[in-house]
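Down below is the structure, laid out as structure tokens.
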Amino acid sequence: MIRVVLPAHLRALAQVGSEIEVDVPAPVTPGAILDAIEQRFPVLEGTIRDHVTRERRALVRFFACETDLSHEPLDAPVPAAVAAGLEPFLIIGAMAGG
Amino acid sequence: MSRVRVLVGTRKGAFVMTADGRRDRWTIDGPLFGGWEVLHVKGSPADPDRIYASQHTGWFGQVVQRSDDGGRTWAPVGNRFVYEGEIGNHRWYDGTPRPWQFRRVWHFEPSATDPDVVYAGAEDAAIFRTVDGGATWEELPALRRHATSAEWQPGAGGLCLHTIVIDPADADRMLVAISAAGVFRTSDGGRSWQASNAGLLSDGIPNPDAEAGHCVHRLAMHPSRPDVVFMQKHWDVMRSDDGGRSWREVSGNLPSDFGFPIDVHAHEPDTVYVVPIRSDSEHYPPDGKLRVYRSRTGGDEWEALMNGLPQQHCYVNVLREAMAVDALDDCGIYFGTTGGQVFVSPDGGDHWLTIAEHLPPVLSVEVQTLP
């Protein structure tokens with residue numbers, strides 16, 4: 001299972017705690033993680049990535065293993081520790097707005 | 001005794017305020033959706049317990065919330081607002097072409113007869129409709145394909161469709177207002193649209209009486225008289241007597257004809273309310289005195305209403321969506337400010353009471369009159 005940490009607003013929307021788990025078939029990529037999240041929590045469709053372009057929303061960031069993955073391709077493999085369920089995939093609301 | 005329920009959207013959440021018909025003691029619930037911008041909350045005339053809320057942040061985009069129990073509980077419904085067909089361009093602030101991009105919903109207009117049918121006014125300017133209670137939304141694309149749309153340019157708040165007025169006698173007849181494009185009307189349920197700006201004069205555009213491009217801030221209509229429509233424009237208060245086909249100025253003796261909201265008394269179709277502010281560059285009341293102006297003559301002659309409102313050091317604004325009227329025998333007038341105050345006048349504007357203060361900036365105020 002892939003561990004995912006959601007930002008507070010999306011936790012409230014999905015009515016979940018700070019960390020969720022989703023089942024993602026290999027190869028585990030950010031795009032596949034988002035597919036699994038949206039399948040399990042349809043209310044989050046459109047909040048992390050655009051409905052049409054499927055691109056990450058501008059003020060959403062993806063971190064894992066102390067690395068910013070936001071600008072990596074959505075079909076690039078995530079770090080092995082995330083794929084193994086040892087480290088969480090962090091979805092972050094970007095620091096913006098003062 | 002009848003009750004009222006006031007639905008307030010703010011920059012940081014929504015509030016539901018209730019009172020009995022005296023409207024002097026209020027219960028305030030909220031914030032709902034705390035931390036999110038709530039642009040508009042509006043109930044269905046066909047089922048007052050059905051309420052829709054537009055929730056948005058720049059981080060996570062648009063969410064639509066729906067309540068089926070008068071605002072006690074809420075559940076998200078569909079938030080997929082996708083433009084139909086070829087996207088096309090409008091003008092950006094710098095005059096360059098910019099593709100239409102959905103950003104947020106400014107306004108919900110529920111059907112008078114079916115709680116599952118709601119129109120949504122969006123930024124970038126477009127009108128959407130749901131017929132299944134918000135589960136899915138479909139654009140009425142003819143508006144965005146209007147011959148003038150490539151020239152539409154955003155106002156300071158964005159290229160937003162913020163006002164939808166439906167003729168209560170014929171739901172296929174609608175007026176919409178877009179900043180800064182102007183008014184458009186349909187008589188066939190949105191399959192075709194006509195620019196509806198004859199008589200408007202706007203100094204801020206190259207051709208002051210252009211067919212489109214006017215920064216219309218708000219429209220208001222009394223349901224008994226759908227051909228009479230009042231408008232607060234960027235500058236100028238206007239009136240139409242032919243369903244929006246033509247307009248004439250009725251600013252009369254107002255201290256400033258710049259403002260955002262406009263509304264009509266529930267029982268007196270010629271009694272109209274506006275809140276003048278100094279200018280386009282000074283969004284606060286003249287002389288630091290918060291005053292609603294009332295015309296009992298359908299415009300031109302205006303009187304200041306101030307009893308109970310702050311009369312010194314007041315530098316708030318009242319946004320376009322932040323005024324409403326109830327339908328009690330003594331018509332109540334409500335408005336919210338960018339300073340987080342919500343005021344009510346239970347007697348048509350003669351006296352004002354404070355319902356709430358210190359809220360986040362108020363974006364919208366609606367009121368439901370309940371049995």
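The values are calculated or read from the model by the stated rules, or taken from the named source; none is laboratory data. This is a predicted model, so every value here is computed, not measured. When we count neighbours, we look across all protein chains shown, and the Cβ atoms used for this are built from the backbone with ideal geometry, even at glycine.
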## Note on the structure
Checked B:Gly349, B:Gly332 against criteria (more than 19 Å from the chain's Cα centre (by Cα), modelled with pLDDT of 95 or more and either within 23 Å of B:Arg225 (Cα to Cα) or surrounded by fewer than 19 Cβ atoms within 10 Å (Cβ to Cβ) (or both)); the one match is B:Gly349
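Among B:Thr130, B:Thr148, B:Thr136, which is the only one that is surrounded by fewer than 20 Cβ atoms within 10 Å (Cβ to Cβ), touching a Ser or Thr at 6+ places or on another chain (Cβ under 8 Å) and not charged (D, E, K, R)?
Values: B:Thr130 fails: surrounded by fewer than 20 Cβ atoms within 10 Å (Cβ to Cβ); B:Thr148 fails: touching a Ser or Thr at 6+ places or on another chain (Cβ under 8 Å).
Only one candidate passes the filter, namely B:Thr136.
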### Query
Considering A:Arg54, A:Arg11, A:Arg49, which residue is without any contact (Cβ under 8 Å) to a residue 40 or more places away in the chain and at positive phi?
A:Arg54
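Would you pick out the residues in the range A:1-13 that are exposed (fewer than 14 other Cβ atoms within 10 Å of the Cβ) and part of a helix (DSSP H, G or I)?
Restricting attention to the range A:1-13, the residues satisfying the condition of being exposed (fewer than 14 other Cβ atoms within 10 Å of the Cβ) are A:1, A:8.
Answer for the range A:1-13, where residues must be exposed (fewer than 14 other Cβ atoms within 10 Å of the Cβ) and part of a helix (DSSP H, G or I): just A:Ala8.
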### Query
How many residues are under 20 Å from B:Arg320 (Cα atoms) and facing chain A (nearest Cβ under 10 Å) if we restrict to the range B:33-56?
2
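Take B:Ala112 and tell me if it is crowded, with 19+ Cβ neighbours inside 10 Å and among the hydrophobic types (A, V, I, L, M, F, W, C).
Details: crowded, with 19+ Cβ neighbours inside 10 Å: no; among the hydrophobic types (A, V, I, L, M, F, W, C): yes.
So B:Ala112 fails the test.
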### Counted residues, the range B:169-203 - those being within 20 Å of B:Ala120 (Cβ to Cβ) and surrounded by fewer than 16 Cβ atoms within 10 Å (Cβ to Cβ)
6
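Kindly evaluate A:Ala64 against the criterion of being closer than 23 Å to A:Met1 by Cα, more than 10 Å from chain B (Cβ to nearest Cβ) and free of Cβ contacts under 8 Å to residues at least 24 places away in the same chain. Show your work before the answer.
Numbers: closer than 23 Å to A:Met1 by Cα: yes; more than 10 Å from chain B (Cβ to nearest Cβ): yes; free of Cβ contacts under 8 Å to residues at least 24 places away in the same chain: no.
Spelling it out, it is not the case that A:Ala64 is closer than 23 Å to A:Met1 by Cα, more than 10 Å from chain B (Cβ to nearest Cβ) and free of Cβ contacts under 8 Å to residues at least 24 places away in the same chain.
Give the residues of the range A:14-34 that are within 13 Å of chain B (Cβ to nearest Cβ) and surrounded by fewer than 16 Cβ atoms within 10 Å (Cβ to Cβ), sorted by residue number.
First, pick out the residues of the range A:14-34 that are within 13 Å of chain B (Cβ to nearest Cβ): A:14-15.
Answer for the range A:14-34, where residues must be within 13 Å of chain B (Cβ to nearest Cβ) and surrounded by fewer than 16 Cβ atoms within 10 Å (Cβ to Cβ): just A:Gln15.
Test A:Ile37 against the criterion of being assigned to a helix (DSSP H, G or I) and either closer than 28 Å to B:Thr73 by Cα or within 10 Å of chain B (Cβ to nearest Cβ) (or both), and give yes or no. Give the derivation first.
Numbers: assigned to a helix (DSSP H, G or I): yes; either closer than 28 Å to B:Thr73 by Cα or within 10 Å of chain B (Cβ to nearest Cβ) (or both): yes.
For A:Ile37, the condition - assigned to a helix (DSSP H, G or I) and either closer than 28 Å to B:Thr73 by Cα or within 10 Å of chain B (Cβ to nearest Cβ) (or both) - is met.
Which count do you get for residues in the range B:57-80 that are in a loop (DSSP other than H, G, I, E, B), more than 8 Å from chain A (Cβ to nearest Cβ) and either touching a helix residue (DSSP H, G or I) at 6+ places or on another chain (Cβ under 6 Å) or at negative phi (or both)? Let's see the steps before the verdict.
Here is the first cut: in the range B:57-80, the residues in a loop (DSSP other than H, G, I, E, B) are B:58-60, B:68-74, B:78-80.
Filter once more, so that each one left must be more than 8 Å from chain A (Cβ to nearest Cβ): B:68-74, B:78.
If we keep only those that are either touching a helix residue (DSSP H, G or I) at 6+ places or on another chain (Cβ under 6 Å) or at negative phi (or both) as well, we get B:68-69, B:72-74, B:78.
Count: 6.
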### Query
Could you list, in sequence order, the residues of the range A:47-69 that are touching a helix residue (DSSP H, G or I) at 6+ places or on another chain (Cβ under 9 Å), in a loop (DSSP other than H, G, I, E, B) and modelled with pLDDT of 95 or more?
A:Thr47, A:Ile48, A:Cys65, A:Leu69
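Here is a yes/no grid of residues against (1) basic (Lys, Arg); (2) over 30 Å from B:Gly155 (Cα atoms):
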{"site": "B:Gly34", "(1), (2)": "no, no"}
{"site": "B:Lys42", "(1), (2)": "yes, no"}
{"site": "B:Tyr93", "(1), (2)": "no, no"}
{"site": "B:Asp114", "(1), (2)": "no, yes"}
{"site": "B:Ala120", "(1), (2)": "no, no"}
{"site": "B:Ala125", "(1), (2)": "no, no"}
### Query
Do you know which residues across the range A:78-97 are within 10 Å of chain B (Cβ to nearest Cβ) and exposed (fewer than 12 other Cβ atoms within 10 Å of the Cβ)?
A:Ala96, A:Gly97
### Message
Being without any contact (Cβ under 8 Å) to a residue 12 or more places away in the chain, surrounded by fewer than 22 Cβ atoms within 10 Å (Cβ to Cβ) and not charged (D, E, K, R) is the requirement here; does B:Ala75 meet it?
### Response
yes
### Message
Where the second residue is exposed (fewer than 13 other Cβ atoms within 10 Å of the Cβ) and in a loop (DSSP other than H, G, I, E, B) and the first is hydroxyl-bearing (Ser, Thr, Tyr) and lies in the range B:202-221, which pairs have Cβ atoms under 6 Å and are six or more apart or on separate chains?
### Response
B:Ser202/B:Pro208
### Summary
Note on B:Tyr119: of the conditions (1) touching a Lys or Arg at 6+ places or on another chain (Cβ under 6 Å); (2) hydroxyl-bearing (Ser, Thr, Tyr); (3) outside any strand (DSSP E or B), unmet is (3)
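Please enumerate the residues belonging to the range A:63-77 that are touching a Gly at 6+ places or on another chain (Cβ under 7 Å) and surrounded by 12 or more Cβ atoms within 10 Å (Cβ to Cβ).
Within the range A:63-77, the subset touching a Gly at 6+ places or on another chain (Cβ under 7 Å) is A:74-75.
The one that is touching a Gly at 6+ places or on another chain (Cβ under 7 Å) and surrounded by 12 or more Cβ atoms within 10 Å (Cβ to Cβ): A:Leu74.
For (1) assigned to a strand (DSSP E or B); (2) modelled with pLDDT of 95 or more; (3) not hydroxyl-bearing (Ser, Thr, Tyr), each residue gets a yes or a no:
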{"position": "B:Asn253", "(1), (2), (3)": "no, yes, yes"}
{"position": "B:Phe260", "(1), (2), (3)": "yes, yes, yes"}
{"position": "B:His267", "(1), (2), (3)": "no, yes, yes"}
{"position": "B:Tyr284", "(1), (2), (3)": "no, yes, no"}
{"position": "B:Tyr293", "(1), (2), (3)": "yes, yes, no"}
{"position": "B:Ala304", "(1), (2), (3)": "yes, yes, yes"}
{"position": "B:Gln312", "(1), (2), (3)": "no, yes, yes"}
{"position": "B:Gly339", "(1), (2), (3)": "no, yes, yes"}
### Summary
The condition from (1) within 14 Å of chain B (Cβ to nearest Cβ); (2) among the charged types (D, E, K, R); (3) closer than 26 Å to B:Glu84 by Cα that A:Arg11 misses is numbered (3)
